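What follows is a set of notes on a single structure, which appears directly below.
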Amino acid sequence: QVQLVESGGGLVQAGGSLRLSCAASGNIFRITAMDWYRQAPGKQRELVATITSGGSRNYADSVKGRFTISRDDAKNTVYLQMNSLKPEDTAIYYCKTDTLRFTGTRLESSVYWGQGTQVTVSS
């Protein structure tokens, strides 16, 4: 199995910054895509940013120019640097990984989610 542990959420004033981390551990052969999602109260979960194993990045239009996703494959960790935060960024942030695991006889690809970390931006 694979476990994802997120950290770095909290309360910040509008215009401030936060850095989220998500560390994966367990039976990991290789992590391919790593993503950050968020879910605000009463809204559907939405994709915020994604980074591939080759380093390609994509962002939701609402965060382009303010958020930066990065990864450290030696640590199996993905980061989300969030700058110029706005009240509308308030949400629970989740990381997701597409992970290859070696089962003993073959590689299997599975999706794993973190438990979420709360980000609250006050106006």
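I need the phi-derived Karplus couplings for segment 17-33: 6.51 cos²θ - 1.76 cosθ + 1.60, θ = phi - 60°, integer Hz, Gly and Pro marked x.
10, 9, 10, 8, 10, 9, 9, 9, 9, x, 7, 10, 8, 7, 9, 8, 7
Convert each backbone phi in segment 4-14 into a coupling constant with the Karplus relation 6.51 cos²θ - 1.76 cosθ + 1.60 (shift: θ = phi - 60°), then list the ³J(HN,Hα) values in order as whole Hz, x for Gly and Pro.
Residue by residue, segment 4-14 yields 10, 10, 9, 7, x, x, x, 9, 9, 7, 3 Hz.
Ordering Glu46, Glu6, Glu108, Glu88 by accessible area with a probe of 1.4 Å, largest first, what comes out?
From most exposed to least exposed: Glu88, Glu46, Glu108, Glu6.
If the cut-off is a Cα-Cα distance under 24 Å, which lysines reach Lys43, setting aside same-chain residues fewer than 8 apart in sequence?
Result set, ordered by chain and number: Lys64, Lys86, Lys96.
Considering only DSSP beta bridges whose two residues both sit in the chain, what percent are antiparallel, to the nearest 5?
Percent antiparallel among DSSP bridges in the chain is about 90.
Would you please classify the overall shape of segment 52-99 from the alpha carbon gyration tensor, given that a ≥ b ≥ c denote the square roots of the eigenvalues, rounded means a/c under 1.5, and beyond that prolate means a/b larger than b/c while oblate covers the rest? Can you show the working numbers first?
On the way: a/c = 2.15, a/b = 1.75, b/c = 1.23.
Prolate shape, in that a/c is at least 1.5 and a/b is the bigger ratio.
Suppose every K and R has +1 on its Cβ and every D and E has -1 on its Cβ; what is the size of the dipole of the chain about the Cα centre, in Debye to the nearest 20?
With Lys and Arg at +1 and Asp and Glu at -1, about 80 debye.
Any idea of the accessible area per residue across segment 75-123, 1.4 Å probe, to the nearest Å²?
That works out to 48 Å² for each residue.
Ignoring ligands, DNA and RNA, what percent of the 1.4 Å accessible area of the chain is carbon and sulfur?
Carbon with sulfur: 47 percent of the solvent-accessible area.
Starting from the Kirkwood radius over alpha-carbon pairs of the chain, derive D by Stokes-Einstein at 37 °C in a medium of 0.692 mPa s and give it in µm² s⁻¹.
224 µm²/s
With a sphere of radius 15 Å drawn around the Cβ of Ala24, what net charge do the other residues whose Cβ falls strictly inside it have (Lys, Arg +1; Asp, Glu -1)?
Taking every other residue near Ala24 into account, the sum is 0.
The values are calculated or read from the model by the stated rules, or taken from the named source; none is laboratory data. Keep in mind that this is a model prediction, so the values were computed, not measured. Positions of Cβ are generated from backbone atoms using ideal geometry, with glycine treated the same way; all protein chains shown enter the neighbour counts. Side chains included, ligands, DNA and RNA excluded: accessible areas come from the protein's heavy atoms. Shrake-Rupley method; radii C 1.70, N 1.55, O 1.52, S 1.80 Å.
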